[in-house]
Amino acid sequence: MTSTDTLTRTTAVRLAGVTKSFGPVDAVRGIDLTLEQGETVAFLGPNGAGKTTTIDMILGLSQPTSGTAEVLGMPPRHAIARGLVSAVMQTGGLLKDLSVRETVEYTASLFADTRSVDEVLADAGITEIADRKVAKCSGGEQQRLRFAMALLSDPALLLLDEPTTGMDVEGRRAFWSAIRRDAEQGRTVLFATHYLEEADQYADRIVLISHGRIVADGTGAEIKALASGRTLRATLPDADTDTLAALDGVTGVEVRGDSVLLHTKDSDTVARYLLTQTPARDLEITAKGLEDAFLSLTGDAR
Amino acid sequence: MSTASIDTAPIDTASRRVPPLGGFNLTMLSIELKRVLRNRRTVIFSLILPTALFFVITSNDKTWASPVGSGNEAAYIMISMALYGAALTAAAAGSMVALERALGWSRQLRLTPLNPVAYIIVKALVALTMGAFAIAVVNLSGLVQGRAEMPTDVWILSAVVTLFCTLTFAALGVFIGYVVPGENTMQILGPGLALLSFLGGVFWPLTEGTLVWHVAVFTPMYGVAEVARAPLTHELPWYAAVNAALWLAIFVGGAAWRMAKDTARV
């Protein structure tokens, strides 16, 4: 294996200043992203954030309006032609009139190097339904078939767009344990999701995307911290905003008429202070959701 | 220098090959053929119906034995029916392109090494093979029935010319598939091609100079029918040749135009 050693550190994905516009709509507004081989990365963001558009460019399905996309040190289409990149899509992508086995055989015939059809069917747990028509398969079975097709060429990079949509809890768990096993073999996995929990549980790294930009990039714990703050609202006329802003953990103070809004990571301390040291009343504490985190992060990014 | 990483064995990207012929292969072609043959509606309308029509028309035709060119009238009817069947099959095969795109299958194929040109070639081969089936079925029926008569070389030549005429309708199938997407495509193509066959003089002879003839010469079935029968009749008016060439160009252009428009977001 000595000849391959120099390839050890080829980056799996490299996006440099990538933008994508559809007419007047800027779907992706400048993304720089590097994924190393063997990483499992979650692409997290609300619907319409630009996740699918970015994945399409990594797959070479569309060309960036500006910037460059590179996969395993080559243009995306070259990596696809060598079976180095696969993707599992959310829906569609199957012919209903083919059997499960025919679908896998058809796909396998298109690659120069593939694993055996039987082996892939067995790995995906669909050997028993191999002769069934795709139209008669359940959503979960179709998803396992898509997964089998994606693993035929033993790709170095696997992209998953909302992979567990429509799966039950059991299927979801089995799916992710299979993905983790693959990642341990050195496969790079990038999956798009809008569930923070899924991203946190299964990814080594979370890339948060919103309005076509990366707004945060870090471990699950780091990203969760961004979303874990709370908002306190109290009626407090003539609030001393400077003192409030200086409290431990307070990240923002807003005054709206007689009300004051405080954003903080330590709501207990702020609540205690407000109720004991000030005439504040009608205190409300609300958790800052992921949506709020997105909003505040994109607000900063603009 | 050996500096292999200890934790993971990376996938060796340099050892991977690109498949020859843009991914074209016989496994794919045979599965595609199986798909068309498994479609009961296509088989009935393109293989059984033209044969049945041939038997019905020649049985009721009192002048089937009268001479036409280097053969007889039954041979003339046989070539026409073979063309109708082949056109319908090819159109059915062509219309699958748009359906596959709507299902996301084309996008799935874009994630494999399959070259788009290889894909179109496979689809064209499927249309031609199915067209050849349709032509063979009608010609064998004619042979068994024994009424159709023409020299063997004329017989073979007309079958081959008919086969190439079906490409026009494969392109029409692709085009209509995009304009009327989904499973309804064949519901338009079936009656539509029957109507065009009536107008174009495939089901009955046109009399030159009549009002219907003046309309017919501009319709897409007229040209190819005249071309397909030319080996038998030894007649090919210039406007029939122009008609065949123009409609081929129109349908191929239309199919290419709709496909290009659709590629913006695969």
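Residue check, B:Trp238 against (1) over 18 Å from the mean Cα position of the chain (by Cα); (2) surrounded by 14 or more Cβ atoms within 10 Å (Cβ to Cβ); (3) not hydroxyl-bearing (Ser, Thr, Tyr), all met but one. Which one? Among (1) over 18 Å from the mean Cα position of the chain (by Cα); (2) surrounded by 14 or more Cβ atoms within 10 Å (Cβ to Cβ); (3) not hydroxyl-bearing (Ser, Thr, Tyr), the lone unmet condition for B:Trp238 is (2).
From the list B:Leu236, B:Leu196, the lone residue that is farther than 17 Å from B:Ala93 by Cα, of a type outside the set (Val, Ile, Thr) and part of a helix (DSSP H, G or I) is B:Leu196. When B:Thr162 is tested against (1) buried (at least 19 other Cβ atoms within 10 Å of the Cβ); (2) at pLDDT below 90, just one condition goes unmet, and that condition is (2). Here A:Ser177 meets the list (1) in contact (Cβ under 8 Å) with a residue 12 or more places away in the chain; (2) out of contact with any Gly (no Cβ under 6 Å at 6 or more places or on another chain) almost entirely, failing just condition (1).
Which ones in region A:202-224 are touching a Gly at 6+ places or on another chain (Cβ under 8 Å) and of a type outside the set (D, E, K, R)?
Let us first name the residues in region A:202-224 that are touching a Gly at 6+ places or on another chain (Cβ under 8 Å), namely A:203, A:205-206, A:208-213.
A:Ala203, A:Ile206, A:Leu208, A:Ile209, A:Ser210, A:His211, A:Gly212, listed by residue number.
Go through (1) free of Cβ contacts under 8 Å to residues at least 60 places away in the same chain; (2) crowded, with 21+ Cβ neighbours inside 10 Å; (3) within 28 Å of A:Leu95 (Cα to Cα) one by one and return the number of the condition A:Gly140 breaks. That leaves (2) as the condition not met. Only one of the numbered conditions (1) within 30 Å of A:Ile31 (Cβ to Cβ); (2) within 13 Å of chain B (Cβ to nearest Cβ); (3) among the β-branched types (Val, Ile, Thr) is not met by A:Thr68, and that is (2).
Of the listed requirements (1) of a type in the set (A, V, I, L, M, F, W, C); (2) surrounded by fewer than 22 Cβ atoms within 10 Å (Cβ to Cβ); (3) closer than 30 Å to B:Gly142 by Cβ; (4) touching a helix residue (DSSP H, G or I) at 6+ places or on another chain (Cβ under 7 Å), B:Trp213 misses just one: (4). Of all residues in region B:192-221, those being touching a residue at least 12 places away in the same chain (Cβ under 8 Å), among the aromatic types (Phe, Trp, Tyr) and within 16 Å of B:Met81 (Cβ to Cβ) number 1.
Would you call B:Gln187 farther than 30 Å from B:Ala260 by Cβ and either polar (S, T, N, Q) or within 12 Å of the chain's Cα centre (by Cα) (or both)? Can you show your working first?
Values: farther than 30 Å from B:Ala260 by Cβ: no; either polar (S, T, N, Q) or within 12 Å of the chain's Cα centre (by Cα) (or both): yes.
When the stated conditions are applied, B:Gln187 does not pass them.
If you check B:Tyr84, B:Tyr76, which single one turns out to be away from chain A (no Cβ under 14 Å), in contact with a strand residue (DSSP E or B) (Cβ under 7 Å, 6 or more places away or on another chain) and within 27 Å of B:Gly190 (Cβ to Cβ)? Before you say what the answer is, go through the steps one by one.
Numbers: B:Tyr84 fails: in contact with a strand residue (DSSP E or B) (Cβ under 7 Å, 6 or more places away or on another chain).
Sole residue among the options that is away from chain A (no Cβ under 14 Å), in contact with a strand residue (DSSP E or B) (Cβ under 7 Å, 6 or more places away or on another chain) and within 27 Å of B:Gly190 (Cβ to Cβ): B:Tyr76.
Just one residue in the set A:Gly212, A:Gly220, A:Gly171, A:Gly166 is in contact with a strand residue (DSSP E or B) (Cβ under 9 Å, 6 or more places away or on another chain) and farther than 30 Å from A:Pro75 by Cβ; that residue is A:Gly220.
Would you confirm whether any residue within region A:111-120 is closer than 27 Å to B:Val97 by Cα, within 14 Å of chain B (Cβ to nearest Cβ) and among the aliphatic types (A, V, I, L, M)? Checking region A:111-120: at least one residue is closer than 27 Å to B:Val97 by Cα, within 14 Å of chain B (Cβ to nearest Cβ) and among the aliphatic types (A, V, I, L, M).
Considering A:Thr103, A:Thr107, A:Thr164, the condition of being hydroxyl-bearing (Ser, Thr, Tyr), within 25 Å of A:Ala199 (Cα to Cα) and either surrounded by 20 or more Cβ atoms within 10 Å (Cβ to Cβ) or at the interface with chain B (Cβ under 9 Å from one of its Cβ atoms) (or both) is satisfied by A:Thr164 alone.
Taking the stated definitions as given, is B:Val212 part of a helix (DSSP H, G or I) and either at pLDDT below 90 or under 15 Å from the mean Cα position of the chain (by Cα) (or both)?
Working: part of a helix (DSSP H, G or I): yes; either at pLDDT below 90 or under 15 Å from the mean Cα position of the chain (by Cα) (or both): yes.
Against the criterion (part of a helix (DSSP H, G or I) and either at pLDDT below 90 or under 15 Å from the mean Cα position of the chain (by Cα) (or both)), B:Val212 qualifies.
Looking across region A:253-268 at every residue that is without any contact (Cβ under 8 Å) to a residue 40 or more places away in the chain and under 31 Å from the mean Cα position of the chain (by Cα), the one that is surrounded by the fewest Cβ atoms within 10 Å (Cβ to Cβ) is identified as A:Asp266. Exactly one residue out of B:Ala230, B:Ala225, B:Ala148 is under 16 Å from the mean Cα position of the chain (by Cα) and not charged (D, E, K, R): that is B:Ala225.
Can you confirm whether region A:186-195 contains a residue that is more than 14 Å from every other protein chain (Cβ to nearest Cβ) and over 22 Å from the mean Cα position of the chain (by Cα)? No, region A:186-195 contains no residue that is more than 14 Å from every other protein chain (Cβ to nearest Cβ) and over 22 Å from the mean Cα position of the chain (by Cα).
Do we have B:Leu246 as in a helix (DSSP H, G or I), modelled with pLDDT of 85 or more and away from chain A (no Cβ under 14 Å) here?
Numbers: in a helix (DSSP H, G or I): yes; modelled with pLDDT of 85 or more: yes; away from chain A (no Cβ under 14 Å): yes.
Against the criterion (in a helix (DSSP H, G or I), modelled with pLDDT of 85 or more and away from chain A (no Cβ under 14 Å)), B:Leu246 qualifies.
Can B:Arg258 be described as more than 30 Å from B:Arg107 (Cβ to Cβ), in contact (Cβ under 8 Å) with a residue 12 or more places away in the chain, of a type outside the set (Phe, Trp, Tyr) and not in a loop (DSSP other than H, G, I, E, B)? Taking the combined requirement at face value, the residue does not satisfy it.
Okay, residues lined up against (1) under 30 Å from A:Leu98 (Cβ atoms); (2) in contact with a Pro (Cβ under 9 Å, 6 or more places away or on another chain):
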position: A:Leu158; (1), (2): yes, no
position: A:Phe175; (1), (2): yes, yes
position: A:Asp182; (1), (2): yes, no
position: A:Thr193; (1), (2): yes, yes
position: A:Ala203; (1), (2): no, no
position: A:Ile206; (1), (2): no, no
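The values are calculated or read from the model by the stated rules, or taken from the named source; none is laboratory data. Quick caveat: nothing in here was measured; it's all calculated off a predicted structure. We place every Cβ from the backbone using ideal geometry, glycine too, and count neighbours over all the protein chains shown.
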